[in-house]
Every structure is written in structure tokens, then in C-alpha cells.
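Some notes on the structure that comes next.
The values are calculated or read from the model by the stated rules, or taken from the named source; none is laboratory data. What you are looking at is a predicted structure, and each value in this text was computed from that prediction instead of being measured. Don't worry about glycine lacking a Cβ; one is built from the backbone with ideal geometry, like all the others, and counts go over all protein chains shown. Ligands, DNA and RNA are stripped out before the accessible areas are found, and what is left, the full protein with its side chains, is counted by its heavy atoms. Shrake-Rupley method; radii C 1.70, N 1.55, O 1.52, S 1.80 Å.
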Amino acid sequence: MNYCSLHNHTEYSNLRGFLDAIVRPDELVNRAYELGFKGVAVTDHDVLSCHVDERLLNAVSKIKEQDETFKLILGNEIYLINEEDVQETKKFFHFILLAKDEIGHRQLRELSSRAWERSFVSSGITRTPTFYQDIEEIVRKEPGHLVASTACLGGQLGDLIAKKDGEQITQFINWCLSMFGEGNFFLEMQSAVNEEQKNANEYILKLSEFFDVPYIITDDTHYLVKEDFAIHSAYLNSRGSGDRETESFYSYTYLKSLEETKELLKDYLTEEQIEQGFRNSELIYNMIEDYSLLKPVMVPYREPPKFTLRHLFKDWYDKYEYIKKFAESEYLQDKYLLYLIENGFEIKKWTYDERHLSRINVELEQIWIISDKLNQRLSSYFELVREIVELSWQAGSTVGIARGSVSCFSICYLLDIIQINGLDYDLPYWRFLNKERVELPDIDMDFNPFLKDKIMEKVREHYGVENVLNTITYKTESTKSAILTSCRGLGIPSEEAQVLSSMVPMIRGKVLSLNSCLNGDDENEAVSGMQEALNKYPRLEETIRKIEGLISGRGVHASSVYIFNNGYLAQNSLMRAPNGTPITAFNMHQSDSMGALKMDFLYTEAQSKIGACLKLLLDDGLIQWKGSLFDTYNYYLHPDVLEYNNKEMWAQVGRNEIPDLFQFDTQVGLECAKKVKPENVNELTLANSVMRLMGDGGEKPIDRFVRFKNHIEDWYKEMEEYGLSAEEQEVLKNQLGESYGCSIEQERLMLLVMDEKISGLDLKWANKIRKAVAKKSKKVLVEVKDKFYENGIALGNSQKILDYVWKYGIGPQIGYSFARPHCLAYSLIALQEMNLATKYPNIYWASLFNC
């Protein structure tokens, strides 16, 4: 018999803000398989978010390696109600829907989205009503793709049985049959022994025979095993809600073996009746297709406006292969990108020379080759980002100079996506996009936080509300909150709970896990006395472990926004954040895996300050309006027109006389500026990076940098004493001369390890080292260190230079490295503030109080 469990809740049922379940998705699947089931359904409370949970899918994948017939069934427990009753009742009837296939799942997403679109809060609970009319409109269009069942006692059928309303029962069952079709609708019994459930089960037997509708037996799982009942009760009552029927309703809501279910029901059902309920689950099992919601990320296609490619580069087509390819491309968006590049050349007054044309050609090469490999045109991505930047200017927000590695890509400068000309700073294009790393580009944008709503309104208006969603975040129980929650649920006094919670340290902004607190880990020792403190209270440690990490609510991601092509339903589903914001039903990682395109809308104080400054300058007549905010900003504050060589301005930075200077407004930043005393953008950029490095307990990286900057001979002496040859010293001078002998940026690290006179690694390995260093991944660091030495030795380079580079070129960046393009963009924003502070000191001061 291919029995499957058809009504189960996971921690995702907590997303509505009402604590409900303590089941982790992978544990549900593994327990079902352990019990010998052939399938298991996930039916959270009007939440689809678990359906692409990585833990869930990985667990199913591993089981399928042993038994390919095992099935994961994706469903939803909706709240079905008449539209006219929604404001007049507290009863929102439960109803189970299971998707047979991809079409069925799209119907789940559409129904859930409608419910969340009209969601509201009542008595502290987020209500998500699905109307009968929704089922009629959505399911009738393409019938036969959903299986339905009547759910628990909280369903309409359970309510009508309690009322003994035969006429309404008949109407309801006939409606279900007409909507879902014969064979796709099931009556649902549950394996509990309270009197109300017993009466309902006995009545359902009669209904099944009378209407010839099969019945199934489910567990309505909210916790995994019987022994977890007390922990589940503690969790449900941890928010001061008192007794939430944990005894009367939840006593049997765990995943049971078939034998245990038989034992519970045998007093009033025959063995054959019980077995028939089990066998009926096989009817559903046989209808479920094997399908996947996972898709590659697709860039939304936008039809370009009418344009005429002027072929300004035609005299160079034969020399520059990829410029010619774009000019002659069969794809309109490729030609449009080249058209925008042509415009950029003219607006920026770029000359048609080797320096500019070869750079554009090689960047277009990366775009072309990656587009072919991904089977979609990346041109659409750049055009989309450019459009969003334009919309933000129109919404009244200045846009940040750049963020991250996009600073390296000259095409983005020509398109006015960024304001840094990477060629002027020798930034390598491959840091942003290269054909060896086949993936979509990722461009972050900085906007004015005070105009966030206006920007989002503009974007939704332009693309359509159905094509723009903010991103859900999952609130989880940290170790600290799990301790407090467990103590409240177990009745431990709050004063003692606070003491226990305070024992949990935060390391680099992250709360340490309970396991690390009790046993230590690679970086942290066990917390002294914590195990003894927990042992004072029965079941406390066990309860904390069950609760720690559980999803317990939802929020809105600070920056992530998804842009869809033809509505979100093809790749996602809609929910609402507690503040009403429309959000995805799947978090960032999950939404990516379903093929949706994420854009990062970042909001920084610097943009509010610059915006306030511009307004005050315009109001006082100190600058002139140039027809638009974009043109006015470009005329006065674009990096291309800033003052770079004002010695007094740089001296003020070194004396900490420019208040609230971007990235140098903290105590660390102020001390760094005073020590380094930068005299140009390069030194400010290096300072921006070096102040983030921590070192290994010896001389601090910033002190070493300042010493070499002021006395470069100290560096030469260090290399000499280390035993490096004259040739090796020259190699390092070529690599590190501009940064005074210090490797303090990711790009410098990559260039070092790629140098044939050092390790000669290719770009792929250099990027792997960069990532390992940035993430402080011990396992990967061992691997890349071995490769670094192995390659260097094979090239005939000395152990000395390899040791020196690993110690001084790579070591200081481990765990704290920063990218040069990122720091350069930060420095140019600071330069904007420096220009304003020295030219218009009163206005700059006033802007600090107006942003």
C-alpha cells in the first residue's frame, strides 16, 4: 500500500505571526519515510513558503536515491468563507488543497495571492480569506489539477456536522464535487479520540457512503512525535496567550505510525474502515505528478523604445569583433544596448581610440558569451537597471555613485547606471563580469531613504503592481529568544530567563548558537557555567533546542525587490508584510531558485544628505536648476566635475574637521583619517579599506600602512630582511607600490596570486581565494593555500616569496577583506561631501539637520 500523510504543518505555519507548529521541513519528510510512508504533504496555514525550502528538497532528494517512488505533495490549508461573511464572523473555515502538477501549483499560488492581497488583522491574527468565488473563477478555468479535502474540525464540514445541518452539508459537498470533480474531493477524518472528533469521524463514514465520496485519515501534524507535546505547548503559550487548547486540540497532532492510528481509532471504527482510509490516500498518491518549481533566473524582457542605431563604431567593426556582433545582432535588446553606448560616448565626450574601444569590446565580449551560455540576453539586465535608475531620479532621489564591483564596468558608466569611470582608476572589468564565471550580473543601487515609498510607487506604476514585489524575510528564534520563549512557556521566572539569555554572547553581530555556547566551536570556547545553569530546569535545554532557529514571523527585506516579466504568479506568490507591504511568499534565496530576478534598492543616509544639500543650495540661489534633478546633480556634484586637488580640503579630512564624513564618521573612521592623513582619492580609498582589517595580533594593518606610507624605506628593509631577492622585491614593488607595500584590497590580492612570478593562478582560482578569504572559510582556505603554494613552486618561484605574500598579502585580509571598487565608490561619495563642506560650509552643516 502506498500510504501517504496528507495534512501536515511545518514551522512556516508560524509566518502569519500566530505560533502554530514546531516541525522543521526536513524532519517531517525523514520521519514520514522512517514510518514507511510513500509520500508526505506540506499543508501550512495559507503559506506556500516551505515548498522550495532547501532542507525539504534535499531531504526528499536523498530519500529518492533509496526509493524513487517516494513523493512530496505540495499543498495549502486555506480559509474558505463567503465574501459577504468576512467582516461579520470569527470563523474562517479550514480547507485543504493539494497540487497534482505544475498547473495545480499555479492555482495554489493564485488563490493564496488573492487571499493575502485582501488580508487583514483581527484579534492579533492575520486573516487570509479565500472566497468561494475565487475557487469558482480559478479552478473552473482549468479543472482537474487540484485535490481537495475537508480538513479538521475547524473546517466547514466539521462546523456543519457539529450543528447537524444536513441541508447545508449536502450543499457544501455538492459544491466541492462540482468544483474539483469526482475523484478529486475527499472527506477528512483525523486520528484523535476526543468526543467531538469521534462524532465527526463517525458522521463522515455515513457521508462517504451516502455521497460515494472517499475519506482519508490524517494527523494534522503540528509537532513531530508524541514526546514533543509539552515543548509544543510551551511554544504556543510563550507569547502570553494562555491555554490555546493545547490539551483538547493538539494532544494528537503529531505524525503517527499506521499502527498507532489504528490503536487510537479501533474503539469506534472497524479495522476495515481504518484500512480503507489508509488505502484512499493511495488514490491521491497516484494522482500526484513529479514536478519542480525550480527554474533558472530569467531577466524580464522589456521592449526597447523606438531607436535608430547610428553605427558610430562602423569604422572599427573589423577590428573589434564584439562591437560588430552587437551592431549586427538578431536580438533587438543587443542593438539597443549598443545604441545606448553610442549615446554615452557622445555625452561623455569619449574619443574613438584604442583605450576606449578595446575596453568596450572586451566588456561586450563578456556580455555576449555569458548571454549565449545562459540562453538569454544580458543586455536586457543593463537596460532594466538603467530604467530603474532613471525612475529614481524622476522620483526626486539622487542615486549613489556606485556600489561594489560594478564600478569596474565602463559600459555602466556610459549608461549612467554608475558615475565612476573605471578606466580612470585602472579597475579590472573582470572583477564585475567575466566569461569564466557564468552568472547574471548583480548591480546594487543607492537611493534616498526618505523617498523610498515614492521610488517604489514610481517603479510599480511603471512596471505594473503585478510585476514588482518586495521580499519576505523569515524571523527566526535566535538562541537568546529561544531561551526567553522556552522559559515563558515552561513558567520559569522572567528574571532568571533574562540571566540565562544574557549568557549567550554575540560575535560580530551574530548570536552564538546553543551548541557553540555549550560545546564551543572552531572560533569560540564554551560559555562557562551555562550548561550547569540550564541543568537546573527540567526540559529547558531540550525545549530550547527544539525552538532555536524556528521560523516565527515575517518581515520585509531592507533592499531586495523582485521584478517580474508577466506577473509574479509564473515564478512566485504574493503575501503581505505586517505593515501591509506586498511581498514575495518565498525569501530571497528561494525566490532566486524559482527564477525571479532580484534587484537591490539600498537606501543610505549619504543620499538623503546630498539631496538635502542640493535643495538648500537651490533654495538659497547658490546653484541654478538645470531642468531636472539629474542634470542639476551632474552639473554640480557628478564625480567628473568635483574638485580633487584642494589641499586645504584634504588637510581638513586629516584634522577631522569635516563633520559626518561618509564612512569616516565613526570613532574608527575618525582615527583612521587622522592617522593616514589622505591627500588624494587613492589614499582615501586605501584608508577606507585598511581601517576594516584586524590583523593577527601583531602590528595593526593600519599602523603598518601608515608607517610604510610615511617611510617607504621600512618596507624595502622588511623585504630585504625577509630574504627576498632583488628580482622578487621588484615584483612586489610593481604589485604593491601604489598601496605602500600593503595588500589591503581584494583586487590586489587577486592580482598578487595571478602574477606568474608569485603563484600564477588563473582568474577562477584567484576568485576562489578571494571568496575564501572574505568568508574566512577554514576548509576552503586550506584548499586554496595548498593550491597557491603548489602552483608557485611548480613555476619555479621561491618558498620565500610565497611565504611573504601569504603572510602579508593575504593574511591581513582573512575575514575582513574589502573590494577596491566598493571603497572607491565610498571615497567619491565622501569627496562629494568634502566639496560641499568646503565650498558651502553653512549649507553643509544645515543639511545634516535636514536629512
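How would K771, K314, K546 rank on accessible area, largest to smallest, probe 1.4 Å?
Details: K771 90, K314 125, K546 55 Å².
Correct descending sequence by accessible area is K314, K771, K546.
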Of K325/K458; K775/K800; K615/K674; K615/K677, pairs whose Cα-Cα distance is over 28 Å: K325/K458; K615/K674; K615/K677
Debye log10 I(q)/I(0) at q = 0.16 Å⁻¹ for the range 467-522, Cα point scatterers: -0.58
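Rounded, prolate or oblate: which fits the range 386-447 when a ≥ b ≥ c are the square roots of the eigenvalues of the alpha-carbon gyration tensor, with rounded for a/c under 1.5 and prolate only if a/b beats b/c?
In terms of gyration-tensor shape, prolate.
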K454 accessible area, 1.4 Å probe, all protein chains in place, Å² to nearest 10: 110 Å²
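Which translational diffusion coefficient, to the nearest whole µm²/s, is obtained for the range 35-138 from the Stokes-Einstein equation, given a Kirkwood hydrodynamic radius over C-alpha pairs, 10 °C and 1.306 mPa s?
Working: Rh = 15.0 Å.
The calculation lands on 106 µm²/s.
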Heavy-atom surface of the range 27-156, accessible at 1.4 Å and reported per residue (Å²): 38 Å²
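Sort the following peptides by mean Cβ neighbour count (other Cβ atoms within 10 Å, averaged over residues), highest first: 406-412, 564-570.
Numbers: 406-412: 27.1, 564-570: 17.3.
So the peptides 406-412, 564-570, ranked by packing, come out 406-412, 564-570.
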Y301 accessible area, assembled protein chains, probe 1.4 Å, Å²: 90 Å²
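Taking the Cβ of R140 as the centre, find all other residues whose Cβ is under 13 Å away and add up their charges (Lys, Arg: +1; Asp, Glu: -1).
Numbers: positive: K141; negative: E110, D134, E136, E137, E142.
After counting each charged neighbour, the total is -4.
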Straight-distance crosslink candidates among lysines, where the alpha carbon sits under 19 Å from K324 and sequence neighbours closer than 8 are dropped: K314, K335, K435
Relative packing of 114-121, 232-239, 678-685, which averages over residues the other C-beta atoms within 10 Å, highest first: 232-239, 678-685, 114-121
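Please give the peptides 36-48, 466-478 ranked by average Cβ packing (other Cβ atoms within 10 Å per residue), highest first, as a rough proxy for protection. Walk me through the numbers before you get to the answer.
On the way: 36-48: 23.8, 466-478: 20.0.
By packing density, highest mean first, the sequence is 36-48, 466-478.
Using a 1.4 angstrom probe on heavy atoms only, work out the carbon and sulfur share of the accessible area of the chain in %.
Solvent-exposed carbon and sulfur of the chain make up 48 percent of the total.
Any idea of the accessible area per residue across the range 401-444, 1.4 Å probe, to the nearest Å²? Spell out each step's value before the answer.
Details: 1220 Å² over 44 residues.
Spelled out: the 1.4 Å probe surface of the range 401-444, per residue, equals 28 Å².
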Those aspartates and glutamates that a straight Cα-Cα span of less than 12 Å connects to K256, excepting residues fewer than 8 apart in one chain: E34, D219, D220, E227
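Accessible area, 1.4 Å probe, largest first: how do E363, E136 sort?
Details: E363 0, E136 60 Å².
Largest to smallest exposure gives the sequence E136, E363.
Among the listed pairs K64/K475; K295/K373; K675/K733, which are separated by more than 27 Å between their Cα atoms? Present the calculation step by step, with values, prior to reporting the outcome.
Working: K64/K475 31 Å; K295/K373 15 Å; K675/K733 23 Å.
Listed pairs above 27 Å: K64/K475.
Give me the net charge of S358's neighbourhood, meaning all other residues with Cβ under 12 Å from the Cβ of S358; Lys, Arg count +1, Asp, Glu -1. Intermediate values should be presented prior to the final figure.
Working: positive: K319, R355, R359; negative: E321, D353, E354, E363, E365.
Taking every Cβ under 12 Å from that of S358, the sum is -2.
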Lysines with Cα under 18 Å of K141, excluding same-chain neighbours fewer than 8 positions away: K100
Simple label model, 7 Å out from Cα along Cβ direction - K733 to N515, nm: 5.2 nm
Relative counts (whole %) of C-alpha pair distances in the range 68-199, using bins that are 5 Å wide: 2, 10, 18, 23, 20, 15, 9, 2, 1, 0
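With a 1.4 Å probe and all protein chains kept in place, how do F18, F662 rank by accessible area, largest first?
Numbers: F18 65, F662 30 Å².
The ordering from most to least exposed comes out as F18, F662.
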Cα extents of the chain along the three principal axes, largest first (Å): 92, 68, 59
Accessible area of M506 in the full protein assembly, 1.4 Å probe (Å², nearest 10): 110 Å²
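Exactly which GluC sites (Glu not before Pro) in the range 273-341 are in a DSSP loop and have at most 13 other Cβ atoms within 10 Å? Present the calculation step by step, with values, prior to reporting the outcome.
Working: sites: E275, E282, E289, E321, E328, E330; in loops: E289, E328, E330.
Passing both the DSSP loop test and the Cβ count: E289, E328, E330.
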